[in-house]
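To start, the structure under review is shown below, and the notes come after it.
All of the numbers you see were taken from the coordinates with simple rules; none came from a lab. Quantities reported herein were computed from a predicted structural model and do not represent experimental measurements. Cβ placement follows ideal geometry from the backbone for every residue including glycine, while neighbour counts extend to all protein chains displayed.
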Amino acid sequence: MLPFRSRENADIEYGDFLPGARLAREGLQVKHPVVLIPGIVSTGLEVWNTAPETKFFRKRMWGTLDQIKALLLNKDCWMQHMMLDENGKDPVGVKLRAAQGLDSADFLFPGFWVWAKIIANLGSIGYDSNNMHLAAYDWRLSFKNLELRDLYFTKLKSTIEIAYKHAIMNGGDENAAKVMIASHSMGSTVFLYFINWIRAQHGDEWNAKYLAGWINIAGTLLGVPKAAATLLSGEMRDTAQLNAAATSLLDYFFSREQRVKLFRSWGGMASMLPYGGEALWGNAFSFAPDELHSDKPSFGAMVDVGSSPTDSRTSDSKSSKPKFHLTASNMTAFIDHHSKDGTELYWSDDYSYGIAKTKEQLQDSKKDSRAWTNPLLTPLPKFGKNFKIVCLYGTGLQTERKYFYKLETPSDGTRSNNDTFPEEGNADMHIDQSQSDAASNTVYGVQTTDGDGTVPLLSLGYMCQHGWKQKRYNPEGVTVITRETREDPSRRSGILNSLPKVRGGPDSPDHVDILGNYELTEDILRLVSGQDENVVDRIYSEIDKISERVVLPPHLD
C-alpha cells in the first residue's frame, strides 16, 4: 500500500493506516457515502483579491506556513485579510474564501494533521473523492452569513444529494445510499444548524431520505468557556500560562487589544459561547451541575473579577464580594455592551443561548434561525427509522472552565455609578495570572475541570447521554450512543514516557488529536461500513452524575 501524501507532501506512514488496513483485510468496505465537516480554524482560508498589486493571490492566510510568514512580516496585511467588518462581511478590497476539497482540512500546517488520518483510513477501506467529501467553510462567519455570502448550507445540501445519487447510480439501495455525516468540534454545531435549516426550508422528509446518521466527534454542543474568555479579553489558558517574556513577545507581535478586535469580528467564534444559562452552567452562589467534588460553590460564575479562587473555598460565598461576576447567562450581553469601541457586535442577535421554558418555545424555535445552534431550544428533527447519533469524545484531561480576571482602572479614571461595574467601553479586563490554587485546580488564573483539553465534559456529553434521551429534545426517539475515550498511561512506558508529547498518541483523548485515535477511527469505519454492532455506549467519566444534577424546566416532555 502506498503512503498517503497530502498537498504538502507530508507522508503518513504505513502504520498510520491502522486500523483501516486491518479492517479492510477483515472485510470492511464502503457502504454509506461520507461527508466530513471540520471545526473552527481547521479549514484553510485563501486570498482571492483581484487587484493587480495583490501579492497573496490564491495563497492561504490560514492553513499553511504562508500564514506565519504573513503575520510576522506584514501583520497589518494579515489582520486586514483575517478580520471581518462591522457587519461580519469582507472588508473593502479584501476577499478571503475557504479552500475546498479533501486537502482543505487534512493538515493545518505541514506535519500537523487534522483530518488526514481519518481520510487515509477511509481510503484504505475503499473510499475516494466520489463517495467521501469534506464540506469546508469559512469558520470566521456567523452561520447566518455563511448562507448569505457563500450559500454554504445550500451547497452542503447539494453535496449530500449528489453523494446519494452517485451511490444509487453505482448499485446502492436507498438505505446504503444515505449519507453518513462525521463532524468535529464546531462542525457539530454547524451540522446542528444545518438539519434545523433543512427542516425550516424543506420539511422533515429531506432528512429522512438522505441522512444515514451523524458521527459527532468532540462536538461543542453546549459551547465552551474558552470562547467566552477569547471574546472577552483575547485570552485563554494557552496565553495565560505563558511566562512574562513569552507574553511580552506575543503582545509585541499581536497585542491583546488586536486579538480582541479580531476575535470579536468572527461570528463563528460566537457560536461556541455557552448554551443553557445557569441551568447548565450554574450561577455565582450555588453549585454548578459539574461541580461534584467541592464543599464550596465555585464554577457557577464563569468569570470572577476581583476575587481569588481561595475566596469561595475559605469563606461564605455570599459575603465574598468580588467586583462582579459573569455567568453563562450574562456573558454575551456583557461582551456586546462593553466592546472596546462601543459599537454593537453584529452577531449578538444571531444566536440564542438560553433554554426553552415552554412547549411553545420549543415549537417556535423550529422557525427561528437564532435557536438552530442551541439543542436546548430546538428539538431534533425527524429522521429515518435507522438514523442514529453516535457521540465520540475524550475525557480525563484538564479543561478550561472558569477564569479569574482583574479590572484595570481606565486611563481617563472613569468608574461606574456603583463603583463595581465598568461603564460601557471602559472594561479593560484581563486574566489575573497571579491567581493559582492547587486545591481548586486553578493555575495562572484559569480553573479547570474534566474534559478533552478544550471542551468541558458537560458540553461534550450532556446532550448525548441525557438531553437527547428526553422527549422534549428528541421527540422521535432517535437512537443516541455515547462512546468516551481516555488515555492509558501504561501504553507510554520506558523512554516514551520521558519524551515531550507534541501530539497525542493513538489513544489520545485530546480535542484535536482524537482525530488520530485508533479506537475512534475504528468506530468511524465500522459505522460508515454498516458493521457497527459493537459500537455501543462506553462511559468512563462522571457524565451521568453531572446530568442528574441539571434541573430543567418542568412539564415540557
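Key figures
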{"read-out": "Separation of the K469 and R486 label points, Cα + 7 Å toward Cβ, nm", "value": "1.8"}
{"read-out": "Computed E for T310/V92 - FRET, C-beta separation, R0 60 angstrom, nearest 0.05", "value": "0.75"}
{"read-out": "Amide H contacts of S298 (H built 1.01 Å from N, under 5 Å, at least 5 apart or other chain)", "value": "A288"}
{"read-out": "Relative packing of peptides 394-406, 465-477, 191-203, 259-271 - highest average C-beta neighbours within 10 Å first", "value": "394-406, 259-271, 191-203, 465-477"}
{"read-out": "For W62, distant residues with modelled amide H under 5 Å away", "value": "L45"}
{"read-out": "Separation of alpha-carbon centers, region 97-170 and region 324-401, rounded to whole Å", "value": "24"}
{"read-out": "For region 20-28, Karplus couplings with θ = phi - 60° (6.51, -1.76, 1.60), whole Hz, Gly/Pro x", "value": "x, 5, 5, 5, 4, 5, 7, x, 5"}
